[in-house]
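The values are calculated or read from the model by the stated rules, or taken from the named source; none is laboratory data. Just so you know, these numbers come straight off a predicted model, no measurement behind them. Positions of Cβ are backbone-derived with ideal geometry, glycine not excepted, and every protein chain shown enters the neighbour counts. Ligands, DNA and RNA are stripped out before the accessible areas are found, and what is left, the full protein with its side chains, is counted by its heavy atoms. Shrake-Rupley method; radii C 1.70, N 1.55, O 1.52, S 1.80 Å.
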Amino acid sequence: MTALVFGTVNSAEAGWTSPITVATLAAGAILLTLLFLNEARAEQPIMPLRLFRSRERSAYAARMLYLGAMIGFFYFTTQLLQGVMGFSAFQAGIAFFPMTIVNFAVAMLIPRLTPRFGNSAILSVGIAVTLAGMAWLSLVHPGSTYLTAIALPMILIGAGQGLAFAPLTSAGISGVEAEDAGAASGLVNTAHQLGSALGLGILVAVSAGAGASADDATTALTDHVSTALTAGTALLAACLVIVLALIVPATRTRSTTKQFEQEKGSRDVALVDRG
């Protein structure tokens, strides 16, 4: 993963055809392949490949995409606040309060929302709301104001984060055997960290050339940030596709199977009682 991240970031300056970029990306791909081959034959793998058999646990990939977009949001929005709007470092930190407060408030509601609506429904809505906020934020331009271009989109992003994170974690450990609980939890955390690093590397590479033809530094930085946030929106869109195509159907299937088994068990008990 270090090689993949380095190669991606290096492409921003050296280009995708640079020997260093090609060599490090190839090394990362080869090492990742060797890891999977080793885990497939190890007697006690640290990453049991059976954890990837469940469609619901494709939440690992969804988490990587989601965190890649979120880390990019913090990184590039901070540049926007300080480099374009003239905020100090302290003011930029305070500027994230709308998102933080809403995130906390919504996250506190999750224990009451989950029994009523289900994990996958909350996850889908959370990612969709985050996507809407990121798409709104990506429309920023040199004449934008903090309230309409940043604070209001932040409220959507905060609400989306509050809805999405807990269901993503639950999906990542759903249905695992007791012996794999630690490995599944570790994969959730690994997807979190690697998604952040790799996602930010991708956004940096994609936005590297944006704003090069701008007339002034402020316009150039705004174009750079807007391009990065647009790419972050694409990551969230891919995340939503994974959730709707894999996690939601898998959750419904599991719920239907569980309900059928419960009804069958009730019928069997009734037949025994009659006997």
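Of the whole protein surface, His224 contributes about 40 Å² of accessible area at a 1.4 Å probe radius. Val241 contributes an accessible area of around 90 Å² to the protein surface, as traced by a 1.4 Å probe with all chains present.
Size check on the stretch 100-210: the Cα extents along the three principal axes, sorted descending, read 55, 34, 19 Å. Against the empirical 2.2 N^0.38 Å scaling, what ratio does the C-alpha Rg of the chain come to? It is 1.18. In the chain the longest region clear of GluC sites (Glu not before Pro) that are loop-assigned by DSSP and have at most 15 other C-beta atoms within 10 Å covers 44-176.
Here the stretch 192-217 is scanned for amide nitrogen atoms under 19 Å from the site 7 Å beyond the Cα of Leu34 along Cα-to-Cβ, giving none. Of the chymotrypsin sites (Phe, Trp or Tyr not before Pro) found in the stretch 1-82, the ones in coil according to DSSP and having at most 14 other Cβ atoms within 10 Å of their Cβ are Trp16.
How far is the Cα center of the stretch 1-80 from the Cα center of the stretch 99-170, in Å? The distance from the Cα centre of the stretch 1-80 to that of the stretch 99-170 comes to 25 Å. For the stretch 56-125, the equivalent ellipsoid built from the Cα gyration tensor has semi-axes of 30, 17, 7 Å, listed from largest to smallest.
Averaging the sequence gap over all C-alpha pairs within less than 8 Å and six or more residues apart, then dividing by the number of residues, gives the chain a relative contact order of 31 percent. Segment Ala26..Ala105, full-extension length gain: 24.0 nm, with 0.36 nm per residue of separation and the alpha-carbon distance subtracted.
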